[in-house]
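K.L.:
Dumping the structure here so I can ask a few things about it.
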Amino acid sequence: MSGYNYPQRRPDGAALVVAGLLAAFGGVILWDAARLHASGGYAGVGPGDVARWIGYALLGLALWSAVAAFRETPMRLPRQDVPAVLWVAGGLLAQILLLKTVGFTIATALLFAFTARGFGKRNLAMTIPVGIVFSLAVYVVFAGFLKLTLPSGLLEHLFVGK
Amino acid sequence: MEALSFLMQGLSAAMDPMLLLYALIGVTLGTAVGVLPGIGPALTVALLLPVTYGHDPAGSLIMFAGIYYGGMYGGSTTSILLNTPGESASIITALEGNKMARAGRGGPALATAAIGSFIAGLIATLALAFMAPYVVKIALAFGPRDYFALMCLAFITVSSAFGDSARKGLISLFIGLALALVGIDQLTGQARLSFGVPQLLDGIEVTTLAVAMFALGEAFFVAGCRATNDEQVIAVKGSVWMTAQDWARSWKAWLRGTVIGFPIGALPAGGAEIGTFLSYAAEKRLTKHPEEFGKGAIEGVAGPEAANNASAAGTLVPLLTLGLPTSATAAIMLAGFQQFGLQPGPLLFVTSPQLVWSLIASLLIANVMLLVLNLPLIGLWVRLLTIPKPWLYAGIMVFATLGTIGANPSPVELTMLLIFGLMGYLMRVHGYPIAPVVVGLILGPMAEQQLRRALAISQGDVTTLVGSPLSATLLVCAALALIVPMILRMRGRGQVLSQLAADED
């Protein structure tokens, strides 16, 4: 195993983080399962028991990951453009926060423009209007013709009526 | 020959103009998402689930199946012209197909892929129709323990038998199983992992998780990798018609691909990819032109493309007859059935025979539509590949959130979408497979129910789980599927397995 010059060193930090998260998740499940009644019925196995098994399995996998972090050669990760990812995720966050107040069209236009920005179209003054036209069209088709209920705001009332 | 008369009835039902329209929409959408790299049929069906909620169940399911078939056709176009597989079952097609396109033989490559897909889809759908009644008869004898064992086998093959690492596959699977715990227990009505948040009592929606993992995760990932790949679309030069020699070399490969792909899809062996790899290997060994392999051998396109369509049809055998999804798309389709209050399985053939048979018959019709869409209209699809990525992914994000907003515009649901999307992204970056999470979420509660039923029947005696020959055999298979690949990997023979990694479709 040794003798190769890999760009990443052991222990594999990512695998350790995964181990920590799995252990935490498993712990939460065990804690939650402990408060359920042990009503196994005829089966002798109730809802708490199955949850407990999965909790133990997650703890086991956490241990396995921790061991692997020290023993396996970490895989080479693809290089990531973090700001780009944050733009796209930020677009989604903006949509979630604004959806109720400004309606589907404007909130979704922001998601559209921020995503385009994440993929390299930087000019928001151009992409936001494109996004508004696009999401308004989506709104008209899906809320108007396909009867999907979408949150409406000022723009929607202006174009579609109530 | 009862299957034949059922199929004939199905065909006459499927000739209904509305159903034909649904099938047409399905295959068109399917081809489009198959062509576009980064989005596949699993995601598309997940996106459409909320939209079709109030519509006709038969029509919607026909549309979903059309998307599945169409995705298999469309993926080959991208593989051949762009060298980037449109969906994971077309990775192999890129090997020889792109070489053919570079040599100016893109037309025949597209043609052999489309005709091969047609022939394989036709034979495999007929095989589905004739096999289904027999499988249903066998399945009626299945008890809860047999179902539980079958699901264990599916869990293992989907998560850890293929791919880089059993550990990562199992982690993905157990995350899915753990997420499946959230909500009200189906047998006792107790709430698990809901922490007093009322929205969590309903559990985690399959569609939310699937859209987040497949669509958002992929969009984040492509945004993150933006700088690294730029592929050129190769224009189709010359005629799309195949020469007599192309036909002579293709037809055997089509048939072999079908024979290999169908059973692989039908077995709980995870994904259509495996059939394509095996078919490619078979063609390489049997060809009379070994020197052309790696430089654009037509058999290397014809066989795997036939195999992936045949396994798409094969996947429907366990889905319809046992209610057991063996691929991510099938898992989402199962969620589609459940949305309409239908539970696939042997009883479905008794309670709604009309729906099942018109679905199967529609697949035959959809297959013909796909041949028409993909041969004469190929130029139209190629143009899809020229949409600039910023607009494409901005649109994908809008549609991805649209489904959730339409179904349940609560901030909790949308926040889950964002969190699972980021989780899907990080899992992609670190090489954890996505499909096991979704399969775990869907199959987890079903497996738990069967397990507890089996134990209730035996009054808590655990040995009952290996008490029937079938369940014992299935559990042994599951154990082998877990252990054998781990030994292979330890001995440094893991490369083959990681190539077979089932990712999405």
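The values are calculated or read from the model by the stated rules, or taken from the named source; none is laboratory data. The structure presented is a predicted model; accordingly, all values stated were derived computationally and were not measured. Quick reminder, even Gly has a Cβ in these numbers, built from the backbone with ideal geometry, and neighbours come from all protein chains shown. Note: areas computed on protein heavy atoms with side chains; ligands, DNA, RNA excluded. Shrake-Rupley method; radii C 1.70, N 1.55, O 1.52, S 1.80 Å.
K.L.:
Taking the options B:K284, B:K288, B:K295, B:K252, name whichever one is basic (K, R) and either open to solvent by less than 30 Å² (accessible area, probe 1.4 Å) or in contact (Cβ under 8 Å) with a residue 60 or more places away in the chain (or both). Before the answer, list the steps.
P.N.:
Details: B:K284 fails: either open to solvent by less than 30 Å² (accessible area, probe 1.4 Å) or in contact (Cβ under 8 Å) with a residue 60 or more places away in the chain (or both); B:K288 fails: either open to solvent by less than 30 Å² (accessible area, probe 1.4 Å) or in contact (Cβ under 8 Å) with a residue 60 or more places away in the chain (or both); B:K252 fails: either open to solvent by less than 30 Å² (accessible area, probe 1.4 Å) or in contact (Cβ under 8 Å) with a residue 60 or more places away in the chain (or both).
Unique residue meeting the criteria: B:K295.
K.L.:
Name the residues in the range A:134-162 that are more than 12 Å from chain B (Cβ to nearest Cβ) and β-branched (V, I, T), would you?
P.N.:
Within the range A:134-162, the first condition is being more than 12 Å from chain B (Cβ to nearest Cβ), and the residues that meet it are A:140, A:144, A:153-162.
A:V140, A:V160 - these are the residues of the range A:134-162 that are more than 12 Å from chain B (Cβ to nearest Cβ) and β-branched (V, I, T).
K.L.:
Moving on to the next point. Go through B:L348, B:L319 for me and flag whichever is open to solvent by less than 20 Å² (accessible area, probe 1.4 Å) and either within 20 Å of B:L48 (Cβ to Cβ) or not in a helix (DSSP H, G or I) (or both). Spell out how you get there, then give the answer.
P.N.:
Details: B:L348 fails: either within 20 Å of B:L48 (Cβ to Cβ) or not in a helix (DSSP H, G or I) (or both).
Criteria check complete, one pass: B:L319.
K.L.:
With a cut-off of at least 2 residues that are modelled with pLDDT of 85 or more, name the helices (runs of 4 or more DSSP H) lying wholly within the range B:122-219. So that I can check it myself, show each step before the final result.
P.N.:
Working: elements: B:144-159, B:166-181, B:198-201, B:206-210.
Correct list: B:144-159, B:166-181, B:206-210.
K.L.:
A further question on this structure: Check the range B:385-400 and report whether any residue there is within 9 Å of chain A (Cβ to nearest Cβ), more than 19 Å from B:V35 (Cα to Cα) and touching a residue at least 12 places away in the same chain (Cβ under 8 Å).
P.N.:
Looking for residues that are within 9 Å of chain A (Cβ to nearest Cβ), more than 19 Å from B:V35 (Cα to Cα) and touching a residue at least 12 places away in the same chain (Cβ under 8 Å), one finds none in the range B:385-400, hence no.
K.L.:
A further question on this structure: Going through B:L380, B:L371, B:L363 one at a time, which residue ends up being surrounded by fewer than 20 Cβ atoms within 10 Å (Cβ to Cβ), away from chain A (no Cβ under 14 Å), touching a Phe, Trp or Tyr at 6+ places or on another chain (Cβ under 8 Å) and assigned to a helix (DSSP H, G or I)? First the steps, then the outcome.
P.N.:
Working: B:L380 fails: touching a Phe, Trp or Tyr at 6+ places or on another chain (Cβ under 8 Å); B:L363 fails: surrounded by fewer than 20 Cβ atoms within 10 Å (Cβ to Cβ).
Exactly one residue qualifies, and that residue is B:L371.
K.L.:
Test of understanding: among B:A46, B:A13, B:A3, B:A23, which residue is under 17 Å from the mean Cα position of the chain (by Cα), open to solvent by less than 60 Å² (accessible area, probe 1.4 Å) and of a type in the set (A, V, I, L, M)?
P.N.:
Details: B:A13 fails: under 17 Å from the mean Cα position of the chain (by Cα); B:A3 fails: under 17 Å from the mean Cα position of the chain (by Cα); B:A23 fails: under 17 Å from the mean Cα position of the chain (by Cα).
The unique qualifying residue is B:A46.
K.L.:
Still on this structure: Can you tell me which condition A:K121 does not meet? The list is (1) within 9 Å of chain B (Cβ to nearest Cβ); (2) touching a Ser or Thr at 6+ places or on another chain (Cβ under 8 Å); (3) part of a helix (DSSP H, G or I); (4) within 23 Å of B:G421 (Cα to Cα), and all the others hold.
P.N.:
That leaves (3) as the condition not met.
K.L.:
Kindly list, by first and then second residue, each pair from a residue in the range B:452-479 that is within 14 Å of another protein chain (Cβ to nearest Cβ) and within 25 Å of B:S160 (Cα to Cα) to a residue that is in a helix (DSSP H, G or I) and modelled with pLDDT under 90, limited to pairs with Cβ atoms under 6 Å and residues at least 6 apart or on different chains.
P.N.:
From residues that are within 14 Å of another protein chain (Cβ to nearest Cβ) and within 25 Å of B:S160 (Cα to Cα), the pairs are B:R452/A:A43.
K.L.:
Which count do you get for residues in the range A:58-70 that are more than 8 Å from chain B (Cβ to nearest Cβ) and in contact (Cβ under 8 Å) with a residue 24 or more places away in the chain? Even if it seems obvious, please write down each step before you answer.
P.N.:
Narrowing the range A:58-70 to residues more than 8 Å from chain B (Cβ to nearest Cβ): A:59-60, A:62-63, A:66-67, A:69-70.
Subset that is in contact (Cβ under 8 Å) with a residue 24 or more places away in the chain: A:59, A:62-63, A:66, A:69-70.
Counting residues in the range A:58-70 that are more than 8 Å from chain B (Cβ to nearest Cβ) and in contact (Cβ under 8 Å) with a residue 24 or more places away in the chain gives 6.
K.L.:
Still on this model: Which of (1) farther than 25 Å from B:I80 by Cα; (2) in contact with a Ser or Thr (Cβ under 8 Å, 6 or more places away or on another chain); (3) more than 10 Å from chain A (Cβ to nearest Cβ); (4) aliphatic (A, V, I, L, M) is the odd one out, the single condition B:L414 does not satisfy?
P.N.:
That leaves (3) as the condition not met.
K.L.:
Now for a different question. Filter the range A:131-151 for residues that are buried (at least 18 other Cβ atoms within 10 Å of the Cβ), at pLDDT 80 or above and either β-branched (V, I, T) or more than 16 Å from A:A94 (Cα to Cα) (or both) and give the result.
P.N.:
Within the range A:131-151, A:I132, A:F134, A:L136, A:V138, A:Y139, A:F142, A:A143, A:L150 meet the criteria.
K.L.:
Do you know which residues across the range B:401-411 are crowded, with 21+ Cβ neighbours inside 10 Å and more than 8 Å from chain A (Cβ to nearest Cβ)?
P.N.:
Correct list: B:G403, B:T404.
K.L.:
Oh, and also: Can you go through B:M100, B:M72, B:M8 and tell me which one is in a helix (DSSP H, G or I), open to solvent by less than 10 Å² (accessible area, probe 1.4 Å) and within 21 Å of B:L320 (Cβ to Cβ)? Give the steps one after another, and end with the answer.
P.N.:
Values: B:M100 fails: within 21 Å of B:L320 (Cβ to Cβ); B:M8 fails: open to solvent by less than 10 Å² (accessible area, probe 1.4 Å).
On inspection, the qualifying residue turns out to be B:M72.
K.L.:
Residue check: is B:Y53 surrounded by fewer than 21 Cβ atoms within 10 Å (Cβ to Cβ) and either within 14 Å of another protein chain (Cβ to nearest Cβ) or more than 20 Å from A:F142 (Cα to Cα) (or both)?
P.N.:
Details: surrounded by fewer than 21 Cβ atoms within 10 Å (Cβ to Cβ): yes; either within 14 Å of another protein chain (Cβ to nearest Cβ) or more than 20 Å from A:F142 (Cα to Cα) (or both): yes.
Spelling it out, B:Y53 is indeed surrounded by fewer than 21 Cβ atoms within 10 Å (Cβ to Cβ) and either within 14 Å of another protein chain (Cβ to nearest Cβ) or more than 20 Å from A:F142 (Cα to Cα) (or both).
K.L.:
Given A:L92, A:L21, A:L86, which one is closer than 30 Å to A:R122 by Cα, modelled with pLDDT of 85 or more, part of a helix (DSSP H, G or I) and open to solvent by 70 Å² or more (accessible area, probe 1.4 Å)? Spell out the reasoning first.
P.N.:
Values: A:L92 fails: open to solvent by 70 Å² or more (accessible area, probe 1.4 Å); A:L21 fails: closer than 30 Å to A:R122 by Cα.
None of the other options fit; the residue is A:L86.
K.L.:
Determine the pairs where a residue that is more than 7 Å from chain A (Cβ to nearest Cβ) and of a type in the set (G, A, S), located within the range B:176-193, has a partner that is in a helix (DSSP H, G or I) and open to solvent by 20 Å² or more (accessible area, probe 1.4 Å) with Cβ atoms under 6 Å apart, the partner being 6 or more residues away or on another chain.
P.N.:
B:A180/B:P445; B:G183/B:L201; B:A191/B:L201
K.L.:
Restricting to the range B:146-162, name every residue that is more than 18 Å from B:I442 (Cβ to Cβ) and within 12 Å of another protein chain (Cβ to nearest Cβ). Before you say what the answer is, go through the steps one by one.
P.N.:
Filtering the range B:146-162 down to residues more than 18 Å from B:I442 (Cβ to Cβ) leaves B:146, B:161-162.
Passing the criteria: none in range.
K.L.:
Same structure again: Scan (1) open to solvent by 40 Å² or more (accessible area, probe 1.4 Å); (2) in a helix (DSSP H, G or I); (3) under 27 Å from B:L474 (Cβ atoms) for the single condition B:Q343 breaks and write down its number.
P.N.:
Of the numbered conditions (1) open to solvent by 40 Å² or more (accessible area, probe 1.4 Å); (2) in a helix (DSSP H, G or I); (3) under 27 Å from B:L474 (Cβ atoms), the odd one out for B:Q343 is (2).
K.L.:
Oh, and also: Which one of these does B:I332 not meet: (1) over 20 Å from the mean Cα position of the chain (by Cα); (2) under 26 Å from B:A407 (Cβ atoms); (3) buried (at least 24 other Cβ atoms within 10 Å of the Cβ)?
P.N.:
(1)
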